Amino acid sequence: MREFSRRRFVVSAAALGASFVACRTLPRPTGGAWKERRDLYPEGVASGDPESDSVLLWTRRPFQDVRREARLLVEVSEDSSFTRVVASTRVPISIESDWTCRALVGGLAPARVYWYRFVDDDGFASRLGRTRTAPSGDDPHTARFAFVSCQNVNQGAQNAYRRMIFEDERAPESERLDFVLHLGDFIYEIVWYPEDRPKGYYDRRLRDVVRYASGEKIRDFHIPTTVDDYRAVYRAYLHDPDLQDARARWPFVSIWDNHEFSWLGWQGLQVFGGETRPAQTRKVAANQAWFEYQPARVKKPGGADVDRFDPPRVADTPVTQFDDSGLGLEPNNLAAVGSLTGYRALRWGRHVDLLITDQHSYRSEDPCTKPEIAALSTPDFPQMWPEEALVILDAGRTYDGGKPPLHLSSVKPAVPNVRRDQPPQTILGAQQKAWFLEHLKSSRATWKIWANSEGTLDGRIDPQNLPSGITKPWHGAGYANFGGGGDYSSAYLERAEIYDLVQRQGITGFATVSGDRHSFWAGLAAKALPPQPFEPVGVAFITGSISAPGIVEALEHSLPKDHPLRALYLATPRGRTPPEPALNLLLCHGVRSCLEYQSSGDLARARRLSNPDLAPHLSFVDMGGHGYAVVRASGDAIECEFVCIPRPLERSERPDGGQLLYRVVHRTPFWGRGQRPKLEQHVVEGNPALSIR
Ligand SMILES: [Fe+2]
C-alpha cells in the first residue's frame, strides 16, 4: 500500500469533484446516536471505482424545506455494527447537485470489505452500504467481477440483480464478487408513459416510473431535455429495489453507453427519424446527471475546487465542420463533449487492468443511420446488410487506396456511397484511441480487459447460400452483416488498428467485455473472417441485458408469420411452439443449418450442415438471453460465466430472483507470445441448445 498522504487525497478528491474523507489510524466505535430512515434517502447508497486505498461513496438526501445546503456525516467502518469506525467526517451537500453527495474516502487498506452510512444533523441515517477496496498491484488472488448492461425499469424487472445478490450472499467470502462493472444503458432516456401504448410494449407492461417536467414527445415516446429531466429518470431507476440493493452491496464501475444521453446520439448531436439535430445542451445535461448519480473517477474541466458539476454554457448549434477523426469542431459541441471525460483505467491486483472506454462522445457519425443508405437492408432479408457495402462505408475516402466507388456494391437500384469524401469511421476518436493504445501497450497485468460498452464480435449471415426458390436472390455480393453497423462489428478499420497493435506488440491476455447487444456472445477477437485470413488476438464476451428487450423478442412480435425466411430467425420444427431462437443457429452455423433444423428438428443433423467459414470466431450466441456475466481472472486463465434468466417481464418475489435458464462457463487458458487464444466451454446448468457452436 502506498503511504497515506492527506495532501494527495485532498487533491484527488478535488479533481474528482468529491468531498474528501480521511481515515484515522485507530478505529473507534461510532460516536453518535442514529436511526435508519430509508425514506429520507430514497435512492439508497452506492460506492464506485475502488482503488487499493480509496473509494468513492455516494448518497442523496433531499431536503424539502427552504434550505439550499446541508451537511452529512459519512461514517466508514470495518464491521457492519460500526464498532470499528475508521472514518467519520461531515461533508457538504446542496440543492445545486440535486442533493447528491460524492465523498472520496482515502487511507483505506487494500482488498478489504468496508461498511458505510450517511447521517444527517437530526441523526437520521441512510441504509448501510458495503464496499470493497482493490487489491494492491502485486496481489496474486483471482479477480472476480460481474459485468452488466441495459436495464429498463420502464419495461421490465431487475431480477438479474436479485439472482446476483442471492448467489453472492451464499458464496464463501473468498469467492464473492469484488465489484460490478456496468457497461451502460443504466437508464433508458426514451420513456413510454403507460397511456402512450395502452396495450404495452411487446408482451411487457409499461410502468409509470417517470414523467418529464420539460421533455419532448417524439412519435409515441418521451425524451428528457433538461438536467432536471435526466435527474428524474436516474431517481426513478434507483427506486427499483433490486438495483438499489445491488448498488448498496458492491462498488460499481460504470461507463455510459448511448441511452444515458440519447438513443442514436453521437458527440453533442441527436438523431431522430433520420434527422441529425444539435443537442449540446442535452449532452451537458446528460453528463451532469450522470456525474451527480454515478460515483466514478471521471473528469470534469475546471472548477476542481468545487464538488459540483458546474455545467459549461452551451447553445444548440448545428455542427458542420469535422476534423480528420470526425470530431465536430463547433465550439459548443467541443464544450459539451468535453464537459465530462469518462474513459479511464482501473487496476485490480496482479491480474487485471480494466481499460474503460466511451463509445459515443467522440465517435464519428454512424453511416448506417443515414437515410440515403437505408435501401441496403430490405424487409425481404430482415437485419441483413451486405458486408462489402459496410466495408466501403467504414473506410470512407481511404477505400481501395483512395479510390472509393460512387455507389455501394452490387445493390440495385444503386445506393450512393455517402462517405466517399469522408475520413474512415472512428468510435473512439483520436485522443481517446491514443490513450487506449498507449495503456494497452504499457499494461503489465496478466489480463488487459477492455471494458467497452459495445460489442466487438462479428455477427454474420450467409444468405448467398440459400437454396434458390425460397425467396428473392440476395442483393449482396457475399456475406451479410447482422444488424448493420453501430458497433465495432462494422468499424472494421479501427478494430483492425487495435488488433494489429495487439499482434505486433505481442500483447497477451487481451480480453474484451461488452454490453449493448442485449444478447450473450463468447468468441475469439479477430479483425477478419474467411475468406480473409482468420488470426485471433484475444477473447471477447458480451453480456445479455439485465431487462431491456432483445432482438428475438422483437422478431417474435414483428416478423410476419408467413415470411419466407422466418425459419432462419424463429424455428418451429414440426410445428412445435413456442418458437425457438433459430437466429442463434444462424449466426453460428448459417442458413443451411437453420433450414434443416426447421424441417427435421434434429440439431445434430442441422449442425452437420454448418458453414465452417461463417463464424470460426464464435463459440456461443444467445440473442434472446437476459441476465449477467461473471469474470474470474487468475494467473492461469480467464473465465466468463453467463448466468441466464427467463425474460424478466415481472419482478420475481423469490429470494433468488426466479429460476435460471442456464449457466455456462467459457474458459481461456493464458496464452504466451506467438500462441493463439483458445476457448473452452462448460455448461454447468440448463440447456442453451441452439446457442452452442
Ligand atoms: Fe441497451
Sites matching trypsin sites (Lys or Arg not before Pro) across segment 505-573 that sit in DSSP coil, with at most 13 neighbouring C-beta atoms within 10 Å: Lys561
Over segment 225-294, relative contact order from alpha-carbon pairs under 8 Å, at least 6 apart, %: 39
Rounded if a/c under 1.5, otherwise prolate or oblate - segment 592-631, Cα gyration tensor axes: oblate
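In debye to the nearest 20, how big a dipole does the chain give about its Cα centre with +1 on each Lys and Arg Cβ and -1 on each Asp and Glu Cβ? Intermediate values should be presented prior to the final figure.
Details: 85 positive and 86 negative charges, 182 e Å.
The dipole of the chain has a size of about 880 debye.
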Per-selection metrics, segment 553-604 (Cα): Rg and Dmax in Å: 10.0, 29
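Could you state, as a whole-number percent, how many of the C-alpha pairs of segment 449-548 are farther apart than 20 Å?
Details: 2140 of 4950 pairs.
That fraction is 43 percent.
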Paired Rg and Dmax values of segment 546-693, which use every Cα atom, in angstrom: 17.0, 52
Local electrostatic count, Arg197, Cβ distance below 14 Å [Lys/Arg +1, Asp/Glu -1]: +1
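Considering every pair of different Cα atoms, what Kirkwood radius, in Å, is found for segment 338-421?
Details: mean 1/r = 0.0643 Å⁻¹.
The Cα-based Kirkwood calculation yields 15.6 Å.
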Positive dipole terminus of the chain, leading residue within Ala335, Leu128, Gly484 (C-beta point charges): Leu128
Cross-link reach list, aspartates and glutamates versus Lys527, counting only Cα pairs under 17 Å and skipping chain neighbours closer than eight places: Glu387, Glu388, Asp394, Glu454, Asp458, Asp487, Glu494, Glu497, Asp500, Glu535, Asp613
Relative contact order, percent, the chain [alpha-carbon distance under 8 Å, six or more residues apart]: 13
Projected-area average for segment 530-570 over all orientations - Cα convex hull basis, square nanometres: 5.2
30 Å Cα-Cα threshold exceeded, pairs from Lys370/Lys448; Lys412/Lys561; Lys370/Lys403; Lys217/Lys472: Lys370/Lys448; Lys217/Lys472
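For the chain, what does the convex hull of the Cα positions come to per residue, in cubic angstrom? Mind showing how you got there, number by number?
Details: hull volume 105.5 nm³, N = 693.
Considering the Cα atoms of the chain, their hull volume per residue is 152 Å³.
If you take every residue apart from Lys370 with its C-beta less than 12 Å away from the C-beta of Lys370, what net charge results, scoring Lys and Arg +1 and Asp and Glu -1?
Once all neighbours under 12 Å are counted, the net charge is -3.
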Peptide ranges 343-349, 282-288 listed from the most packed, as the mean C-beta count within 10 angstrom indicates: 282-288, 343-349
Length-normalised contact order of segment 574-693 in % [C-alpha pairs under 8 Å, at least 6 apart]: 23
Cα-based convex hull, segment 2-117, per residue volume (Å³, whole number): 107
Principal axis dimensions, segment 185-280 - Cα atoms, whole angstrom, descending: 42, 34, 24
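Cα gyration tensor of segment 247-318, axes a ≥ b ≥ c as square roots of the eigenvalues: rounded (a/c below 1.5), prolate (a/b > b/c) or oblate? Mind showing how you got there, number by number?
Values: a/c = 3.35, a/b = 1.42, b/c = 2.37.
Because a/c hits 1.5 or more and a/b fails to exceed b/c, segment 247-318 counts as oblate.
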Shape category assigned to segment 572-654 from the gyration tensor of Cα positions, a/c cut at 1.5: oblate
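What 222 nm value per residue comes from the helices of the chain, counting each DSSP H run with n ≥ 4 as -39,500 (n - 2.57) and dividing by all residues, nearest 500 deg cm²/dmol?
Details: 15 runs with 140 residues, N = 693.
Theoretical 222 nm ellipticity from helices: -6000 deg cm²/dmol.
How big is the Cα convex hull of segment 503-589 in projection, averaged over all directions, in nm²? If you can, show how the numbers build up before the last one.
Numbers: hull surface 31.6 nm².
That works out to 7.9 nm².
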Charge dipole (the chain, unit charges on Cβ, about Cα centre) - positive-most of Trp290, Ala213, Ala18: Ala18
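Let's see if you can work this out: charge +1 on each Lys and Arg Cβ, -1 on each Asp and Glu Cβ, no other charges. What is the dipole magnitude of segment 178-265 about its Cα centre, in debye to the nearest 20? List each step's numbers first, then the result.
Details: 12 positive and 16 negative charges, 48 e Å.
It comes to approximately 220 debye.
What are the GluC sites (Glu not before Pro) within segment 567-672 that DSSP puts in a loop, where the Cβ has at most 10 other Cβ atoms within 10 Å? The partial results should precede the final answer.
Details: sites: Glu596, Glu639, Glu641, Glu650, Glu653; in loops: Glu650, Glu653.
Passing both the DSSP loop test and the Cβ count: Glu653.
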Leading residue at positive end of dipole, the chain (Cβ point charges), from Thr446, Val630, Gly515: Thr446
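Rule-based calculations on the coordinates, nothing more; no lab input. For clarity, every value in this text was computed on a predicted model and none was experimentally measured. Methodologically, a virtual Cβ is constructed for each residue, glycine included, from the backbone with ideal geometry; neighbour enumeration extends over all protein chains shown.
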